[in-house]
């Protein structure tokens, strides 16, 4: 073993046991200006070129080896120190210590309207708005509900003082406005607030929300109405629920239908929620009555259309298990923050 | 309306169970459910009460020994009417009664009972019953109850839609069943006889009465009805009174046409006059109440006095009683709208008015009259002495043309002509053809809902079954753009998601307000409700503040101190109806946290925090906050600002007056913005890409002293001018506002940090100093603001 090797071995041994504050001294001891390896270089002058070349490269290799060893040792030591430091810095991560950013909430009703509107928009519907103060013409007459018709019984109306205006009892007057203001084809929904003059209890409210839908064109059929509303309900519930179209009656549609879904709670056997029928009423719909087209001066021979209206509260209460409608308008933050 | 299952089967032959029948009727549009009856039990047998003793430990109970012919049972019974010798229905151990009620061995007050003696109510045969059910004396023992009862009737409840008044009878419902099953309904044979014309009926107001048939029957004997009739009335919820009244009710339930019987002896002058009442005319009706009538109401009167309110309720004076021998029987057709108005004005709803409001048939009026005459002759004796029929010539059947291709155009699938004709015929509509593919339909007058072609199409769809209409995906020959009404929804979405992100909760309030609540908030209403049901619905809200303030009070009452809520809704003020956004905030900005406590940070919402919220949620920086020139009265006049968009005020915010929020410790801040005017003005601005400077910026902090008179807005304006002209001052922010005695009580100091940057080079000190100096000069020159020494 030559001298370079033994010096290198000696140096590497020292590195193995070195600490962070002594390790640079080892480098200086061997590689500094007067270092043991540097010293060897100084003796080279007496040697032949061949020898110089050979020993020179050996020395350089030894230098590199020592530098590498020092660097990796340094890294090893700093890593170890960092690990120790972090170990000492361990904090209590219990969630109670964390800051709670205040969380905002949308109201259940607007959230439900949004959810429903999104589905209709994806089916190609426009979204429009109506007015809440209406005239008798838009709310009743144009919708084929003449004065003193029993259909008005179910829609107790709030009238405004010193005017003939009223608060709309359904979103359907929007159908008339839209048809008056535009030409077919029409494909639109109108979410909005409606008013009924009745006492508020667990299942009734003087105010609630509906989404009105209207599609008018030259080839619109009941079969398409079934198609669109089935698709809507399936998307809303995220599954192919059983549903039925049941004959019903609305003055402004003919034929009319009520859409029921198989009770999700009892699977159709009958329970408290579906009042034993096995079905839950979801919405009313039908083909636009020719008298409605006549009221807006559309030709009922040329155009056909369908319309539907669905109750937002009913669906929201069902979805979120709310058993009292008043809860929706009490605005108790403890309730609002649940959704 | 209550309908008897057995009665229906008398009229139309079907073998559907009550449940199947409900399903069939519901699928036709007549919502039907079983309310009582039918065999709903298991393990109930007939047995005889052999002996009855008082329960030793209970006064109201008895111990009965009951024998079924084979075996004896000891039964504890609570009914008052239980007697030895009776044959009764016995639910033995293991029997199941309606509602899945299983009979188990039980000890009642120390005595074991081996079953239960049942009442009709417990068996589900009746909705209510008094005491146990007692069976006939010759009932065999030990038999299953259902085998000896014969056919236990089932009572159905039907709910009709407003257009189907014709279904308010057994015949009407039977017609629906018959149409679906393609059968012909059978009514009892109704005999009629020819009568010579007489002249006792005078219809003065022919617009309100289109047919009036009067029958004078003499020598009737008032008495109880036969059991079968009383039972049928009772099962449909009508009390049996006497044979004559019961017959009119029976015919009503059977055929659906209201009849009225007067005591002839009370009719003076030998005349029946159908006329509008005189304003203020009075009548005491069957319910014992005296009503004052208006000239819009139709009366049945004699020569001198009113006898009945037409189609609504009879008069007390002219009613049938035990001593009546001669009657005058009315079967008439009145104007539905007029009857509805009268019934509503008088606040009376009767079986008659309910049907008249929905329209009655001039054909059925005649059938019903004869049916009642037949029944009276059969059950009460008496002779028909006089019959008069005043019928309007306008009473004709409706004729409608139906184009076969139109059915497919509406429904979206083809139904062949033969099927269509068949469906309509079984509905009682006569069909003929003259032209190919066009049917001529003659509609019976009881179907007053069928007025035009589309109504026939509904009938076809309904009877053929909605389930047979295909489910077709929209042809998509056209579609809306699926646009969310452009800016409106976009703005609302942006704003509410901004607020929710800041921890605000959305609320929804009623649109109504009480005047006293408005007064407290210095608000005036513009719309008053003419017919409110309670004070809460007096007026329409002129501001969202009313509701939000209620929410604030409610929630702070529940102990919630930090309240951040908003609402988007319509308000109704002098400008009309419009959509606005209201935001209310109060209390601590952040939830409590141990680190805040540690650092003593606990900011509470004030005007400036609110300003930050407003700035954060506004959809673009073109909205600015500036001086409020006409603040709402509910704001603290010194702490309110306007929200301005391109020079036009679109909202206000500020601290509520302390006298509004007396009971609260913290300031309450309210903002209201007019979404509609933002929507109509605001165009969604698309920002174009701007290069980001590569050269470093230079920061400088300066403090200046200003007179308090100068609003900071003015200073900001000067800074912005310098930013524009110099081009290297890019941004600034205010980091300190300071007052002290040393400065003087009328002075205030502001410190701000200025950011300088050049787009093409690194700035040197001299350049920055020069620009800063020009700012200081301008501040001094324009506003007298000096650098703080």
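So residue B:783 passes all but one of these: (1) in contact with a strand residue (DSSP E or B) (Cβ under 6 Å, 6 or more places away or on another chain); (2) crowded, with 16+ Cβ neighbours inside 10 Å. Which condition number does it fail?
That leaves (1) as the condition not met.
Out of all the residues in the range B:477-507, which are modelled with pLDDT under 70, over 31 Å from the mean Cα position of the chain (by Cα) and at the interface with chain A (Cβ under 7 Å from one of its Cβ atoms)?
Matches in the range B:477-507: B:477, B:478, B:479, B:481.
Taking into account only those residues within the range B:461-476 that are within 7 Å of chain A (Cβ to nearest Cβ) and surrounded by 14 or more Cβ atoms within 10 Å (Cβ to Cβ), which is modelled with the lowest pLDDT?
Across the range B:461-476, the extreme among qualifying residues is B:475.
Which number in (1) within 34 Å of the chain's Cα centre (by Cα); (2) closer than 30 Å to residue B:252 by Cβ marks the one condition that residue B:410 misses?
Unmet condition: (2).
Take the conditions away from every other protein chain (no Cβ under 14 Å), closer than 30 Å to residue A:335 by Cβ, in contact with a helix residue (DSSP H, G or I) (Cβ under 9 Å, 6 or more places away or on another chain) and outside any strand (DSSP E or B) and apply them to residue B:632. Does it pass?
So residue B:632 passes the test.
Is it the case that some residue within the range B:526-537 is more than 8 Å from chain A (Cβ to nearest Cβ), touching a helix residue (DSSP H, G or I) at 6+ places or on another chain (Cβ under 7 Å) and part of a loop (DSSP other than H, G, I, E, B)?
No, the range B:526-537 contains no residue that is more than 8 Å from chain A (Cβ to nearest Cβ), touching a helix residue (DSSP H, G or I) at 6+ places or on another chain (Cβ under 7 Å) and part of a loop (DSSP other than H, G, I, E, B).
Of everything in the range A:118-165 that's within 27 Å of the chain's Cα centre (by Cα) and surrounded by fewer than 19 Cβ atoms within 10 Å (Cβ to Cβ), which residue is nearest to residue B:537 (Cα to Cα)?
A:129
With the checklist (1) within 23 Å of residue B:520 (Cα to Cα); (2) buried (at least 17 other Cβ atoms within 10 Å of the Cβ); (3) within 44 Å of the chain's Cα centre (by Cα) in hand, flag the one item residue B:662 doesn't pass.
Just one mismatch for residue B:662, condition (2).
Could you check how many residues of the range A:193-204 are surrounded by 17 or more Cβ atoms within 10 Å (Cβ to Cβ) and more than 9 Å from every other protein chain (Cβ to nearest Cβ)?
2
With the requirement that a residue be more than 10 Å from chain B (Cβ to nearest Cβ) and in contact (Cβ under 8 Å) with a residue 12 or more places away in the chain, what does the range A:315-337 give you?
A:315, A:316, A:318, A:319, A:320, A:322, A:323, A:324, A:325, A:326 - these are the residues of the range A:315-337 that are more than 10 Å from chain B (Cβ to nearest Cβ) and in contact (Cβ under 8 Å) with a residue 12 or more places away in the chain.
Can you spot a residue in the range A:206-225 that is more than 20 Å from residue A:176 (Cα to Cα), surrounded by fewer than 23 Cβ atoms within 10 Å (Cβ to Cβ), more than 10 Å from chain B (Cβ to nearest Cβ) and touching a helix residue (DSSP H, G or I) at 6+ places or on another chain (Cβ under 8 Å)?
Yes: one or more hits.
Quick test of your reading of the structure: residue B:17 fulfils all but one of (1) crowded, with 19+ Cβ neighbours inside 10 Å; (2) closer than 23 Å to residue A:277 by Cα; (3) assigned by TED's automatic domain parsing to the domain that holds residue B:170. Name the failing condition by number.
Failing condition for residue B:17: (1).
Would you check if there is a residue in the range B:220-233 being part of a loop (DSSP other than H, G, I, E, B), under 29 Å from residue B:378 (Cβ atoms), modelled with pLDDT under 90 and in contact with a strand residue (DSSP E or B) (Cβ under 8 Å, 6 or more places away or on another chain)?
no
Would you pick out the residues in the range A:233-288 that are within 11 Å of chain B (Cβ to nearest Cβ), over 25 Å from residue B:455 (Cα atoms) and either outside any loop (DSSP other than H, G, I, E, B) or at pLDDT 95 or above (or both)?
Answer for the range A:233-288, where residues must be within 11 Å of chain B (Cβ to nearest Cβ), over 25 Å from residue B:455 (Cα atoms) and either outside any loop (DSSP other than H, G, I, E, B) or at pLDDT 95 or above (or both): A:234, A:279.
For the range B:557-577, give me each residue that is more than 10 Å from every other protein chain (Cβ to nearest Cβ) and crowded, with 16+ Cβ neighbours inside 10 Å.
B:571, B:573
Give, as residue ranges, the strands (runs of 3 or more DSSP E) completely inside the range B:85-124 that count at least 3 residues that are within 22 Å of residue B:69 (Cβ to Cβ).
So the answer is B:87-97, B:115-117.
The values are calculated or read from the model by the stated rules, or taken from the named source; none is laboratory data. As the structure is a computational prediction, the values presented were derived from the model and not from experiment. Note that each Cβ is placed from the backbone with ideal geometry, even for glycine, and that neighbours are counted across all protein chains shown.
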